[in-house]
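Undergrad: Below is a structure I'd like to ask you about.
The values are calculated or read from the model by the stated rules, or taken from the named source; none is laboratory data. Since the structure is predicted, the reported quantities are computational estimates derived from the model, not experimental observations. Cβ placement follows ideal geometry from the backbone for every residue including glycine, while neighbour counts extend to all protein chains displayed. Keep in mind that these areas ignore ligands, DNA and RNA; they rest on the heavy atoms of the full protein, side chains included. Shrake-Rupley method; radii C 1.70, N 1.55, O 1.52, S 1.80 Å.
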Amino acid sequence: MTPRLEPVPKDQWGDAEVAAIRAGMPAAAADRFLSDAPDAPALTNGIAAMLHHPQLAAAFLQYNGQLLWDPVLDPRLRELAVLRVAWHARAPYEWVQHVKLSQRYGVTDQEVEAIVADRTDGWSPLEADVLLATEQLLTAYRIDDATWQRLSAALDTKALVELVFVVGTYAGLAMLFNSLGVELDADLDPTAQPMPVAEGWPA
C-alpha cells in the first residue's frame, strides 16, 4: 500500500513525541529508540505513524503496554487472537508484525498456516476456544454463551476481560494501519507467510 501518512521521522520528534514513545515501552527500550547513537534501532513504522497525534499516541501506547508488557492472558493465547484479527481484517502490517512476534511464544509456521486456513484441528481446547471467541467478537461483537462458559472454566475474570480488550484493540489497530497505509518495517519479511490482501487493494 502507498502510505497516506508517512511515519514521523526522528528529526521531527519534539517533547510530545518523545513522551509518547516513553509511555509505550519499558524505559530501557525507549532509551534505545531515542538514542542518537549510530546503532540506535529505528522506531517501527506503526508507532511512528501514530506520532502524527502524539498526545493520543501516548495515551494509547501506555494502555497497549498493559496488554504487551504486563498481561494476565497468556502471551501465546494473545498472539493467536491477534493473528486471527489481523488475517480477518486483511491487515498486512499487523499480520507480519505478529507472525514474527508470535514466534517468541512458540507459535509455529504450521499454526500460522492453520489460522490462514481457519482450521480447527490441532489446537488445545483452550486455544480453539480463544480463536472461536475472537471470530465471534469480530463478526457478532459478542462471545456466545457456550464459548464463554468454556472459557470461564479455563481463564480467570481478568483474563476473560483482557481477551475481549485484545481483540478490540488489535481490530482498531488494523483499521489504523490499513487506513494510514503503514508500510512494512525493513526487518519484516513479507514472504515468510501468506499475506492478507483484501480484494481490490493494491498489491
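Undergrad: Regarding the range 88-111, can at least one residue be identified that is over 15 Å from Ala171 (Cα atoms), among the acidic types (Asp, Glu) and in contact (Cβ under 8 Å) with a residue 24 or more places away in the chain?
TA: Within the range 88-111 (the criterion being over 15 Å from Ala171 (Cα atoms), among the acidic types (Asp, Glu) and in contact (Cβ under 8 Å) with a residue 24 or more places away in the chain), the answer is yes, since at least one residue qualifies.
Undergrad: Does the range 87-99 include one or more residues that are in a helix (DSSP H, G or I) and open to solvent by 70 Å² or more (accessible area, probe 1.4 Å)?
TA: Looking through the range 87-99, at least one residue is in a helix (DSSP H, G or I) and open to solvent by 70 Å² or more (accessible area, probe 1.4 Å).
Undergrad: Which helices (runs of 4 or more DSSP H) sit wholly inside the range 111-203 and have at least 2 residues that are aromatic (Phe, Trp, Tyr), more than 19 Å from Leu101 (Cα to Cα) and modelled with pLDDT of 95 or more?
TA: On the way: elements: 125-140, 145-154, 157-180.
Correct list: empty, since no element meets the threshold.
Undergrad: Is it fair to say Arg90 is basic (Lys, Arg) and at positive phi?
TA: Values: basic (Lys, Arg): yes; at positive phi: yes.
So Arg90 fits the description; yes.
Undergrad: List pairs: first residue in the range 169-187 and in contact (Cβ under 8 Å) with a residue 60 or more places away in the chain and open to solvent by less than 50 Å² (accessible area, probe 1.4 Å), second residue among the hydrophobic types (A, V, I, L, M, F, W, C) and not in a helix (DSSP H, G or I) anywhere in the structure, Cβ distance under 6 angstrom, at least six positions apart or on different chains.
TA: What qualifies is Ala174/Ala89; Ala174/Ala91; Phe177/Ala91; Asn178/Ala91; Leu180/Leu5; Gly181/Met1.
Undergrad: For the range 1-16, give me the residue count where each residue is under 21 Å from the mean Cα position of the chain (by Cα) and modelled with pLDDT of 90 or more. Show your work before the answer.
TA: Pass one, the range 1-16, residues under 21 Å from the mean Cα position of the chain (by Cα): 1-8.
In the following step, the residues that additionally are modelled with pLDDT of 90 or more were identified as 3-8.
Residues that pass the stated criteria total 6.
Undergrad: Residues being within 17 Å of Val8 (Cβ to Cβ) and surrounded by 18 or more Cβ atoms within 10 Å (Cβ to Cβ): count how many of those fall in the range 49-69.
TA: 8
Undergrad: Now for a separate question. Being over 19 Å from the mean Cα position of the chain (by Cα) and farther than 26 Å from Gln66 by Cβ narrows it down to one of Asp118, Asp145, so name that one. Full working, then the answer.
TA: On the way: Asp118 fails: over 19 Å from the mean Cα position of the chain (by Cα).
Sole residue among the options that is over 19 Å from the mean Cα position of the chain (by Cα) and farther than 26 Å from Gln66 by Cβ: Asp145.
Undergrad: Somewhere in the range 36-48, is a residue at pLDDT 95 or above, open to solvent by 60 Å² or more (accessible area, probe 1.4 Å) and not aliphatic (A, V, I, L, M)?
TA: Scanning the range 36-48, I find no residue that is at pLDDT 95 or above, open to solvent by 60 Å² or more (accessible area, probe 1.4 Å) and not aliphatic (A, V, I, L, M), so the answer is no.
Undergrad: Next question, about the same structure. Could you grab me the full set of residues in the range 67-76 that are in a helix (DSSP H, G or I) and touching a Phe, Trp or Tyr at 6+ places or on another chain (Cβ under 9 Å)? If you could, list the steps in order and put the result at the bottom.
TA: The initial filter retains those residues of the range 67-76 that are in a helix (DSSP H, G or I), namely 67-69, 75-76.
Once the filter is applied, which keeps residues that are in a helix (DSSP H, G or I) and touching a Phe, Trp or Tyr at 6+ places or on another chain (Cβ under 9 Å), the range 67-76 yields Leu67, Pro75, Arg76.
Undergrad: Got a sec? Which of Pro41, Pro71, Pro75, Pro7 is within 25 Å of Pro190 (Cβ to Cβ), touching a Lys or Arg at 6+ places or on another chain (Cβ under 7 Å) and of a type outside the set (Val, Ile, Thr)? Before the answer, list the steps.
TA: On the way: Pro71 fails: within 25 Å of Pro190 (Cβ to Cβ); Pro75 fails: touching a Lys or Arg at 6+ places or on another chain (Cβ under 7 Å); Pro7 fails: touching a Lys or Arg at 6+ places or on another chain (Cβ under 7 Å).
It is Pro41.
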